[in-house]
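Down below is the structure, laid out as structure tokens.
The values are calculated or read from the model by the stated rules, or taken from the named source; none is laboratory data. Please read all numbers here as calculations on a predicted model, not as lab measurements. Neighbour counts are summed over all protein chains in view; Cβ atoms, including those assigned to glycine, are modelled from backbone coordinates with ideal geometry.
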Amino acid sequence: MKKSVAVFGIIFLAVFAVYAAQDNILGPSIAFDGLAKDFGKVIEGAPLKHIFKFTNKGSATLEIFKVEPG
């Protein structure tokens, strides 16, 4: 009896881990459309602008506290 309960527990945890990894149900997960922007040749001092689009693929609220240019 103890053996079957242990086997059931292991199977349950394995299935839950696979499901959680696929659907990111354990927290927020950020996904960007692109991670870099190549502006090509630019004139020095010219203003440049680009919008990086992203989505939260997880189930928890995604909070962004700080953003810095690379």
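List of remarks:
- Residues considered: Phe32, Phe39. Of these, the only one that is out of contact with any helix residue (DSSP H, G or I) (no Cβ under 7 Å at 6 or more places or on another chain), aromatic (Phe, Trp, Tyr), closer than 17 Å to Asn56 by Cα and at pLDDT 70 or above is Phe32.
- Pairs meeting the criteria (first residue in the range 37-63 and among the polar types (S, T, N, Q), second residue not in a loop (DSSP other than H, G, I, E, B), beta carbons under 7 Å, at least 6 apart or on different chains) are Thr55/Ala31; Asn56/Ile30.
- Within the range 25-70, the set of residues being surrounded by 10 or more Cβ atoms within 10 Å (Cβ to Cβ) and β-branched (Val, Ile, Thr) comprises Ile25, Ile30, Thr55.
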